[in-house]
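The values are calculated or read from the model by the stated rules, or taken from the named source; none is laboratory data. Everything numeric here is computed off the predicted structure, so don't read it as measured data. Heads up, the Cβs are rebuilt from the backbone with ideal geometry, glycines too, and the neighbour counts pull from every protein chain shown. What goes into the accessible areas is simple: the full protein's heavy atoms, side chains included, and nothing from ligands, DNA or RNA. Shrake-Rupley method; radii C 1.70, N 1.55, O 1.52, S 1.80 Å.
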Amino acid sequence: MNKIILLGRLTKDPEIRYSQTNNMMIANFTLAVNRKYVKPGEERLTDFINIVTYSKLAEFAQKYLKQGLQILVSGRLQNRSWNDSNGQKRYITEVISEEIDFADSPKKTDDNNTTTFSSNNIPIEDDNNFVPEPDDLPF
């Protein structure tokens, strides 16, 4: 089973791009995740995890995710590689998100009502059988 659950803060607003063949929206962002264990006398260590999301969930990310926001991401871990412009083999490990939820307290609106959003309300178009664009494939 390949399942990842992360709680962290966005290091910057999501970067949006579109696939070349079918113009599907792709959102990339980095999540700063604190490590649970802290050695006595040392600062807490943080890992910076690359997150990728597609289609409707990418639209959700573009609309609602902002730098500093604490979110919960669940998805799967993926490794891929490519050759850069110098012919060097490059590797990346990233999380392909399948669900995003807010972990911060709800924001207050002007009339003191609370507003919350969740990616659970977004219909996902069969993302479990999604095949990435050739540019996104590791081979």
Do you know which residues across the range 19-32 are surrounded by 12 or more Cβ atoms within 10 Å (Cβ to Cβ) and either touching a helix residue (DSSP H, G or I) at 6+ places or on another chain (Cβ under 8 Å) or at pLDDT below 95 (or both)? Ser19, Met24, Met25, Ile26, Ala27, Phe29
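Being modelled with pLDDT under 55, part of a loop (DSSP other than H, G, I, E, B), open to solvent by 30 Å² or more (accessible area, probe 1.4 Å) and under 19 Å from Ser19 (Cβ atoms) is the requirement here; does Pro138 meet it? Even if it seems obvious, please write down each step before you answer.
Working: modelled with pLDDT under 55: yes; part of a loop (DSSP other than H, G, I, E, B): yes; open to solvent by 30 Å² or more (accessible area, probe 1.4 Å): yes; under 19 Å from Ser19 (Cβ atoms): yes.
Yes; evaluated as a whole, the condition is true for this residue.
Kindly evaluate Val95 against the criterion of being over 23 Å from Ser105 (Cα atoms), under 11 Å from the mean Cα position of the chain (by Cα) and open to solvent by less than 20 Å² (accessible area, probe 1.4 Å). Walk me through how you get there before you give the answer.
Working: over 23 Å from Ser105 (Cα atoms): yes; under 11 Å from the mean Cα position of the chain (by Cα): yes; open to solvent by less than 20 Å² (accessible area, probe 1.4 Å): yes.
Yes, satisfied.
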Surrounded by fewer than 16 Cβ atoms within 10 Å (Cβ to Cβ) and touching a Ser or Thr at 6+ places or on another chain (Cβ under 6 Å) - does that describe any residue in the range 58-79? yes
Can you find a residue that is closer than 22 Å to Ser105 by Cα, at pLDDT below 95 and in contact with a strand residue (DSSP E or B) (Cβ under 9 Å, 6 or more places away or on another chain) anywhere in the range 34-43? yes
